[in-house]
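Engineer: Dropping the structure in here first, questions after.
What follows is calculated from the coordinates using simple rules that are stated; it is not laboratory data. Just so it is clear, the model here is predicted, and its values are computed rather than measured. So basically every Cβ, Gly included, is an ideal-geometry build from the backbone, and we count neighbours across all protein chains shown.
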Amino acid sequence: MELARGLVAIGAGLAVLTGMMTGLGQGYAAAKAVEAVGRNPEAESKIRSMLILGAAIAETAAIYGMLIAFVLIFLFN
Amino acid sequence: MIVGATITFQVEVLSILIISAIILGLILAVNRAVKKADPLDQPKGILLLAVIYVRMMSGLAKDNMGNIVGRNYAPYLGILALYLALANLSGLFGMPAPTANFSVTLTLALITFIMIQRMSIKSIGFFGYIRSFFEPHPLFFLMNFFGKVAPLISMSIRLFGNITSGTIIMVLFYAFTGWVAALVPIIGVIDFVGPIVAPVLHFYFDVFVGLIQMYIFISLTSVFIGNEYSQPE
């Protein structure tokens with residue numbers, strides 16, 4: 001029983017690792033957005049809404065990872 | 001009524017009521033200021049803030065959804081932004097943040113979801129909407145279905161997860177500082193380490209994350225609704 005609980009905790013921790021690549025991707029997107037604003041500052045509001053949308057979609061993977069971690073912790077513990 | 005269901009009182013209900021009362025008071029105050037104001041005069045005080053806020057929100061709505069649709073949805077975005085900002089910041093005042101409860105964020109995301117579907121049906125027609133599930137081939141039904149439902153899940157869990165993780169981290173942090181403080185013999189009964197280190201973390205987890213999530217929620221709402229509108233053919 002103790003072993004099963006520990007495995008559930010390890011699984012939840014692994015599920016949250018999806019945030020790693022999401023962080024990389026979002027950082028890259030933000031860097032590109034900064035470059036774009038530097039190149040033509042008058043398109044700032046358009047670039048901002050695109051950045052938010054892209055970052056939000058990229059974040060979805062991390063959110064699903066967190067959802068799986070929550071399900072693991074609260075349902076199988 | 002479902003047999004065996006129990007009604008549990010959730011503390012977030014209280015903070016929702018308090019936040020609603022604050023928003024109602026604000027709106028009444030602005031309403032009185034508007035009625036008393038001279039239209040030829042420069043707006044001052046609370047009226048100036050209200051004018052700036054309304055202009056900001058309608059600007060955001062018009063940027064993302066176009067002039068005609070943006071005007072219709074700007075009031076909803078405005079009140080949503082106010083509510084979310086107050087709800088996310090309420091952790092600072094010792095109230096449990098309503099957005100740390102999944103029911104609240106699911107309800108808010110459901111409103112957005114229904115608005116997206118309504119806008120979609122309005123722009124491509126009911127049969128076009130049904131047909132959009134089976135494009136480009138009937139086999140894609142499952143993918144299209146999950147594509148339509150995904151915003152509901154991801155928006156609700158994004159808000160819930162960000163606020164909840166902040167709350168959990170703050171609880172863990174206070175437990176840790178309490179443990180550290182208890183190592184000091186006499187004054188250790190009170191947690192004197194927490195108040196020294198906590199403000200920075202409170203600033204990040206409550207103020208920064210809360211306001212960023214508020215902005216993301218309203219701009220995602222407007223962008224999703226605007227996307228449905230901008231492809232009528």
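Engineer: Along region A:56-63, what does the Karplus equation 6.51 cos²θ - 1.76 cosθ + 1.60 (θ = phi - 60°) give for ³J(HN,Hα), rounded to whole Hz, x for Gly and Pro?
Structural biologist: 3J(HN,Hα) across region A:56-63, in whole Hz: 5, 5, 5, 6, 3, 4, 5, 5.
Engineer: Hey, another quick one. Among B:ALA182, B:ALA198, B:ALA61, which one moves the most in a GNM of chain B with springs linking Cα atoms closer than 10 Å?
Structural biologist: B:ALA182
Engineer: For the pair B:ARG32/A:ARG5, report the inter-label distance in nm, with labels modelled 7 Å from Cα in the Cβ direction.
Structural biologist: Between B:ARG32 and A:ARG5, the simple spin-label model gives 5.7 nm.
Engineer: Residues of region B:167-184 with amide nitrogen under 20 Å from the 7 Å Cα-to-Cβ point of B:ILE196?
Structural biologist: B:170-184
Engineer: So how far apart, in nm, are the two label points at B:PHE93 and B:ILE52 if each is 7 Å from Cα heading toward Cβ?
Structural biologist: Modelled inter-label distance: 2.0 nm.
Engineer: Order these by the 10 Å Cβ neighbour count, fewest first: B:HIS202, B:HIS137.
Structural biologist: B:HIS137, B:HIS202
Engineer: Got the relative contact order for chain B handy, in percent, Cα pairs under 8 Å and 6 or more residues apart?
Structural biologist: 25
Engineer: Taking the 0 to 90 degree range and rounding to the nearest ten, how far is the long axis of helix B:67-89 tilted relative to the main principal axis of chain B, both from C-alpha atoms?
Structural biologist: Once rounded, one gets 20 degrees.
Engineer: Given the DSSP H assignment, sum -39500 (n - 2.57) over each helix run of at least 4 residues in chain B and divide by its residue total; what's the result at 222 nm in deg cm²/dmol, nearest 500?
Structural biologist: -25500 deg cm²/dmol
Engineer: Could I ask something else about it? Using only Cα atoms, find the angle between the long axis of helix A:18-39 and the longest principal axis of chain A, and express it within 0 to 90 degrees, rounded to the nearest 10.
Structural biologist: Approximately 10 degrees, to the nearest 10.
Engineer: Step through the residues of region B:50-66 one at a time and calculate ³J(HN,Hα) from phi using the Karplus curve (6.51 cos²θ - 1.76 cosθ + 1.60, θ = phi - 60°), rounding each to whole Hz and writing x for Gly and Pro.
Structural biologist: Per residue, the Karplus-derived 3J(HN,Hα) values read 5, 5, 4, 5, 5, 5, 4, 5, 6, x, 4, 5, 6, 4, 8, 10, x Hz.
Engineer: Here's another thing I want to ask about it. Helix B:102-124: angle to the longest alpha-carbon principal axis of chain B, degrees 0 to 90, nearest 10?
Structural biologist: 20
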